[in-house]
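*Asks:* The following block contains the structure, expressed as structure tokens.
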Amino acid sequence: MNPELIIVNPSYEEHIALIQLNRPKELNALNLQVMGEIRDALKMLDEDDNVRVIIITGNERAFAAGADIKQMAGKGAIDMLKIDQFSTWDQIRKTKKPIIAAVSGFALGGGCELVMTCDMVVASETAQFGQPEIKIGIMPGAGGTQRLPRAVGKTRAMEMVLTGNFISAEEALKYGLINKVVPTEVYLTEAVRMAKDIARQSPIAVQLAKESVLKAYEMPLQEALSFERKNFYMLFATEDQKEGMNAFVEKRNASFKGQ
Ligand code: CAA
């Protein structure tokens, strides 16, 4: 693949891949090409055995200021239905490996929704999150009315979606939308640090654990518990389980191979 609007580095650090959105003049507005390139990059990285964790970032001024308003402005409902841009988001959601969003500046509309499609979020103190679609006569369409209330609760989500006002990184942290806020100079370094903590673990256990946590948002509790249990049992078929438990008993560090 030869992406034009994102930069993909499969070996940014050992076992850690980086995808950087690269439309700085448009504040990384997510047009169809950018979203397609992100989808294709994630698919490629998901299939790369050397990659264990993926970081998605933008630049200091903007993670992403939303779907590309200029691309959507003249469209009708049937055009939008045919383009079916959100099926790309569904593909992104299916990524098996953990994705960390490293966010600085604006994460708005589709940008905030992309953040919520990721699994963990490290933000710089300048980050701002919002669903401002209401201000341009529409509403969120890539999960903003669904993932936001699950993350921050109904009343805060309602306020963000109905007023379009942004929240600061500190507020996002307090509301549970993100994992941590750090100084701007280190937001990417901090995301890498978090990625390294995950990359050290068994990749199969990480994959099944991610899949199980996501079921908490998609299934009734009893079914989700049963799903979790099956994934738990399945891990006893891996060499990594034997290695992890033997290493504990032998008081040494485990070395996981993803087998
Ligand atoms: N789409 C297209 N272009 C965008 C954009 C977007 N979402 N956001 C910013 N840009 C462009 C601007 O048009 C501008 O381009 P020009 O220089 O060619 O005029 C450039 O990026 C810089 O932006 P500003 O001059 O506006 O910068 P600012 O610092 O004054 O303001 C901002 C920054 C508050 C983020 C403002 O740009 C803004 O409000 N952007 C739109 C945010 C928004 O409404 N996002 C939701 C989009 S709809 C959506 O996402 C639907 C969905 O659910 C998927």
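*Asks:* Can you tell which of A157, A172, A123 is crowded, with 24+ Cβ neighbours inside 10 Å and either outside any helix (DSSP H, G or I) or over 17 Å from the mean Cα position of the chain (by Cα) (or both)?
*Replies:* A123
*Asks:* Right, here's the next one. Please state which of the following conditions M80 fails to meet, knowing it meets all the rest: (1) touching a residue at least 24 places away in the same chain (Cβ under 8 Å); (2) of a type in the set (A, V, I, L, M); (3) farther than 21 Å from Q201 by Cα.
*Replies:* With respect to (1) touching a residue at least 24 places away in the same chain (Cβ under 8 Å); (2) of a type in the set (A, V, I, L, M); (3) farther than 21 Å from Q201 by Cα, M80 is out only on (1).
*Asks:* Hey, another quick one. Output the residues belonging to segment 126-150 that are farther than 20 Å from A77 by Cβ, buried (at least 19 other Cβ atoms within 10 Å of the Cβ) and in contact with a helix residue (DSSP H, G or I) (Cβ under 7 Å, 6 or more places away or on another chain).
*Replies:* A127, F129, G130, Q131, R147, L148
*Asks:* Being farther than 16 Å from T126 by Cα, in a helix (DSSP H, G or I) and either touching a helix residue (DSSP H, G or I) at 6+ places or on another chain (Cβ under 9 Å) or among the small types (G, A, S) (or both) is the filter here; which residues of segment 175-192 pass it?
*Replies:* Passing the criteria: only Y175.
*Asks:* Another question, if that's okay. With the requirement that a residue be within 13 Å of the ligand (Cβ to nearest atom) and not polar (S, T, N, Q), what does segment 6-37 give you?
*Replies:* Passing the criteria: L21, R23, P24, K25, E26, L27, A29, L30, L32, V34, M35.
*Asks:* Residues of segment 133-164 being within 14 Å of the ligand (Cβ to nearest atom) and under 25 Å from P183 (Cα atoms), which ones?
*Replies:* L148, M160
*Asks:* One residue is enough: does segment 195-202 have a residue meeting the conditions among the aliphatic types (A, V, I, L, M) and more than 22 Å from the chain's Cα centre (by Cα)?
*Replies:* No, the conditions are met nowhere in segment 195-202.
*Asks:* Another question about this same structure. Of all residues in segment 175-194, which are within 17 Å of the chain's Cα centre (by Cα) and touching a residue at least 24 places away in the same chain (Cβ under 8 Å)?
*Replies:* Of everything in segment 175-194, those that are within 17 Å of the chain's Cα centre (by Cα) and touching a residue at least 24 places away in the same chain (Cβ under 8 Å) turn out to be G176, L177, I178, N179, K180, V181, Y187, L188, E190, A191, V192, M194.
A short reminder: the numbers here are calculations on the coordinates, not readings from a lab. All values reported here derive from a predicted model rather than from experimental measurement. All Cβ positions, glycine included, derive from the backbone under ideal geometry; neighbour counts span all protein chains shown.
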